[in-house]
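One structure is given below, encoded as structure tokens.
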Amino acid sequence: MGALRRHPILAAVAAAVVLATTGLVAVWAISRQHCFTLTGSVVCRVATDQPRIALTFDDGPTERGVAAVLPVLEARGVKATFFLIGQEVAERPHLARRIARAGHELGNHSWSHTLMVGRPGRFYDRELAET
């Protein structure tokens, strides 16, 4: 320890290595989880006696996306969940109605689809409520 006190740069480097290593171990541990969220709650599994796949589409609705996807789903008798961005729905509400009329579920994918990390709680509340 005496050497680190006499050499502050060496101490700073040692501290940086320890912090970086700890951070990498934490990221590795989180990435190994099958189901993880930093905020809120998440549903990781649904009990069923039959094999199921949840088909989802994100970031719409757009004219091109809806025109391409809905006919394929209908032809195969498949239902999906469409996680829609509030601003996109505000610009094209007819597409959200079209998806819902086709029997698909609509999900909330925030108002602006902006980076969500490190924001205050009121930001998340507004993003979800406006959508």
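The values are calculated or read from the model by the stated rules, or taken from the named source; none is laboratory data. Since the model is a prediction, treat every value here as computed from it, not as a measurement. FYI the Cβ positions are ideal-geometry reconstructions off the backbone, even for glycines, and counts take in every protein chain you see. For accessibility, only protein heavy atoms count, side chains too; no ligands or nucleic acids. Shrake-Rupley method; radii C 1.70, N 1.55, O 1.52, S 1.80 Å.
See the values below:
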{"read-out": "Helices (runs of 4 or more DSSP H) wholly inside region 22-110 that include at least 3 residues being open to solvent by 80 Å² or more (accessible area, probe 1.4 Å) and either within 28 Å of Gly121 (Cα to Cα) or free of Cβ contacts under 8 Å to residues at least 60 places away in the same chain (or both)", "value": "63-76, 93-101"}
{"read-out": "In region 111-131, the residues that are open to solvent by 80 Å² or more (accessible area, probe 1.4 Å) and assigned to a helix (DSSP H, G or I)", "value": "Arg122, Asp125, Arg126, Leu128, Ala129, Glu130"}
{"read-out": "Test: residue in region 41-63 that is at pLDDT 95 or above, at positive phi and not acidic (Asp, Glu)", "value": "no"}
{"read-out": "Sole exception among (1) at pLDDT below 90; (2) of a type outside the set (Asp, Glu); (3) more than 23 Å from His113 (Cβ to Cβ) for Phe36, by number", "value": "(3)"}
{"read-out": "Selection within region 56-77 - in contact with a helix residue (DSSP H, G or I) (Cβ under 8 Å, 6 or more places away or on another chain) and of a type in the set (A, V, I, L, M)", "value": "Val66, Leu70"}
